[in-house]
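The values are calculated or read from the model by the stated rules, or taken from the named source; none is laboratory data. Bear in mind the structure is a predicted one, so any value in this text is a computation, not a measurement. Cβ: placed from backbone, ideal geometry, glycine included. Neighbour counts: every protein chain shown.
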Amino acid sequence: MEKLRGKWVEVQGYKHDGRMHRIWDSTYVIDETDEYVVVSSKKVKVIEHDFRIWYTKEPAIMVFFKDKWWNIIAMFKKGGITYYVNLASPFIIDKQKIKYIDYDLDIKKYPNQEIRLIDVKEYGYHRKKYGYGDEIDKILRYNINQIKKKMVNKEFPFNDEKIKEYYKQFEEETKKKGDYENKDWILQWRKYCFVRN
């Protein structure tokens with residue numbers, strides 16, 4: 001498998017039918033193990049399925065698992081770290097891009113330790129529309145319970161101190177290298193802007 005540690009990568013979320021759902025334009029890989037990949041971002045461009053573009057407000061750490069049906073975004077909000085869990089397929093790496101299928105259901109853990117399951121209606125609608133099937137439904141329901149247990153017990157990746165360590169590491173590494181080193185899309189954009197026919 002392609003090694004990503006120390007590289008800038010794009011994150012791509014898809015829907016069950018293969019349609020693009022959302023793209024995070026440039027995230028930096030700060031850790032890679034046999035089980036997961038950790039990326040970080042700060043004011044990153046996000047492209048939605050309908051081509052709307054917006055920029056993230058808070059610094060964030062994202063963790064993608066190779067054998068779990070979920071991934072997380074840990075966002076540094078004013079009141080503390082908020083964890084946003086996407087119920088999703090295990091990720092794959094394709095041409096220096098992290099790719100996964102989003103299955104609608106999300107779980108949020110707030111700094112006050114409140115935990116909420118969200119987008120349940122969206123999941124019900126898309127389950128019929130895309131034909132998720134009983135096996136996927138069973139996998140997702142099992143994972144909801146496992147995620148909640150990990151959140152309550154503050155197990156990785158729901159550990160504020162570890163998430164802060166990762167973000168400190170991101171800042172140190174990108175400061176040394178310069179924010180735009182290894183960002184291939186910047187080089188491509190510059191070539192596009194300055195090439196004359």
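Specify the residue that is nearest to residue 142 (Cα to Cα); the eligible residues are those in the range 78-96 that are touching a strand residue (DSSP E or B) at 6+ places or on another chain (Cβ under 7 Å), part of a strand (DSSP E or B) and not small (Gly, Ala, Ser). Only one residue fits best here, namely 87.
If only residues of the range 1-56 that are part of a loop (DSSP other than H, G, I, E, B) and among the acidic types (Asp, Glu) are counted, the one that is farthest from residue 171 (Cα to Cα) is 17.
Please identify the pairs in which a residue from the range 140-154 that is surrounded by 12 or more Cβ atoms within 10 Å (Cβ to Cβ) has its Cβ atom under 6 Å from the Cβ atom of a residue that is at pLDDT 95 or above and charged (D, E, K, R), counting only partners at least 6 apart or on another chain. Sorted first by the residue in the range 140-154, then by its partner, the pairs are 151/109. Exactly one residue among 123, 103, 167 is crowded, with 17+ Cβ neighbours inside 10 Å and within 26 Å of residue 8 (Cβ to Cβ), and that residue is 167. When 73, 118 are screened for being under 18 Å from residue 13 (Cβ atoms), of a type outside the set (Asp, Glu) and in contact with a Lys or Arg (Cβ under 8 Å, 6 or more places away or on another chain), only 118 passes. Among the residues making up the range 155-164, a single one is surrounded by 19 or more Cβ atoms within 10 Å (Cβ to Cβ) and part of a helix (DSSP H, G or I): 163.
I'd like the full set of residues that are under 18 Å from residue 171 (Cβ atoms) and outside any loop (DSSP other than H, G, I, E, B), limited to the range 58-74. Before the answer, list the steps.
From the range 58-74, those under 18 Å from residue 171 (Cβ atoms) are 58-63, 73-74; that's our starting set.
Of everything in the range 58-74, those that are under 18 Å from residue 171 (Cβ atoms) and outside any loop (DSSP other than H, G, I, E, B) turn out to be 60, 61, 62, 63, 73, 74.
The residue pairs whose first member lies in the range 17-31 and is of a type in the set (S, T, N, Q), whose second member is surrounded by fewer than 16 Cβ atoms within 10 Å (Cβ to Cβ), and whose beta carbons are closer than 9 Å, counting only pairs six or more residues apart or on different chains, are 26/45; 26/185; 26/186.
The conditions are (1) out of contact with any helix residue (DSSP H, G or I) (no Cβ under 7 Å at 6 or more places or on another chain); (2) at pLDDT 95 or above; (3) under 18 Å from residue 113 (Cα atoms); (4) of a type outside the set (Asp, Glu), and residue 85 fails exactly one of them. Which is it? So residue 85 meets the others, but not (1).
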